[in-house]
Amino acid sequence: MQTTSPLPALLEHNELMRNLQLRSRLDAAALRAEPAAPDTALRGTLRSAGEGKHLVPAGIAPAGTEPLESLLRRRASVRTYAPRPVAADVLAAVIDRAATFDREAWHDHDAGVELEFLVAARDVAGLPVGLYLYSPAGGGFTRLSDLPAGDAAAELVLQLEFAHAPAIVMVCGPLAASLDRHGEHGHRLLLTRAGAAAHTAWLTALDRGLVGSIFAGFLSSALKPLVPVDGYRSAQLLAFSCGHAAQAG
Ligand SMILES: Cc1cc2nc3c(=O)[nH]c(=O)nc-3n(C[C@H](O)[C@H](O)[C@H](O)COP(=O)(O)O)c2cc1C
């Protein structure tokens, strides 16, 4: 007797992939079309989570004098740090440069598709341990939640070496708003923007005397109960961990 095999249905993933590729391809017409401002209901959720909460103001640490070429030459990923606090104005400079670069490079901000920057502060002078939203416009950090400590800190990340970093900057973005504005290409755009923002943060950190590493960030399942990052209206895209270099030898 002939039975119905589920195999043909399973094999349709090739067709699914082909459709995904077609839908996310940018053609000339899509490039010419002026993207629409997305529905405000699709905007990122982090800014409103910080509204009405106390903001810890922070200045912006001044730039160093080392030429960019030399910064680029000594850039290397560093994942363990000295037990020494990061200054709040240095951290503010790191995020402010990343946010400013993004604003200048992509004009999605005016349409409400701005990147959002979360900070896991474990050892930042002037900031009690916690999860903060950095507001470039407000020039400071708003505390959104506690940050699990001890063994629970290790549950937040896949790689243990990041669990106790003095500061982790998480680049988040409004995936829903970007998809509404750019179609499937919106996801790619957000990832590109996050990569550029994280690399800007990295170079700024080096310039201001810190070392760090780009990595995947908090596990979504661990981040979600702490702050409103649902992976759709606000999604964590990439992260940058930083601190002072551990003493050599
Ligand atoms: C998009 C992206 C995601 C990354 N994710 C991780 C990660 O989750 N964990 C990690 O250890 N390194 C990650 N890396 C790699 C490091 O940031 C770094 O680029 C790599 O270790 C190369 O080291 P180097 O810069 O010292 O040569 C990622 C890099 C990129 C560009």
- Given q = 0.10, 0.11, 0.12, 0.16 Å⁻¹, what are the Debye log10 I(q)/I(0) values for the chain, with equal point scatterers placed on the Cα positions and solvent ignored? -0.53, -0.62, -0.72, -1.15
- Would you calculate the separation in nanometres between label points at residue 39 and residue 199, each defined as 7 Å from the Cα along the Cα-to-beta-carbon direction? 3.5 nm
- Message: Could you give each residue of region 28-39 its phi-based ³J(HN,Hα) in whole Hz, using Karplus coefficients 6.51, -1.76, 1.60 with θ = phi - 60°, and x for Gly or Pro?
- Response: 4, 5, 5, 5, 6, 5, 6, x, 7, 6, x, 3
- Task: Quick one: which residues, 5+ away or cross-chain, put their amide H under 5 Å from the amide H of residue 246? H built at 1.01 Å from N.
- Result: 82
- On average over all directions, what projected area in square nanometres does region 99-217 have, based on the convex hull of its Cα atoms? 8.0 nm²
- Could you sort 140-149, 208-217, 87-96 so that the peptide with the highest average Cβ count within 10 Å comes first and the rest follow in order? 87-96, 208-217, 140-149
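Sort 119-125, 237-243, 107-113, 32-38 by packing, meaning the average of other beta carbons within 10 Å per residue, with the highest value first.
Result, highest mean first: 237-243, 119-125, 107-113, 32-38.
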- Item | 134, 81, ranked by accessible area, largest first (probe 1.4 Å) | 81, 134
- Compute the accessible area per residue over the chain, keeping the other protein chains in place, probe 1.4 Å, unit Å². 53 Å²
- Message: Could you give the length gained by full extension between residue 146 and residue 68, i.e. 0.36 nm per residue of separation minus their alpha carbon distance, to one decimal place?
- Response: 24.4 nm
- Rounded, prolate or oblate (a/c below 1.5 giving rounded, otherwise prolate when a/b exceeds b/c) for region 44-138 by Cα gyration tensor: oblate
- Task: Please arrange 106, 202 by accessible surface area, largest first, computed with a 1.4 Å probe and ligands excluded.
- Result: 106, 202
- Item | Helical mean residue ellipticity (222 nm; -39500 (n - 2.57) per DSSP H run of 4+; nearest 500) of the chain | -10000 deg cm²/dmol
- With each pseudo-label sitting 7 Å past Cα toward Cβ, what's the residue 18-residue 219 distance in nm, one decimal? 3.8 nm
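The values are calculated or read from the model by the stated rules, or taken from the named source; none is laboratory data. As the structure is a prediction and not an experimental result, all values here were calculated from the model. Here Cβ is always computed from backbone atoms with ideal geometry, including for glycine, and neighbour counts include all displayed protein chains. Surface areas here come from the heavy atoms of the whole protein model, side chains and all, with no ligands, DNA or RNA. Shrake-Rupley method; radii C 1.70, N 1.55, O 1.52, S 1.80 Å.
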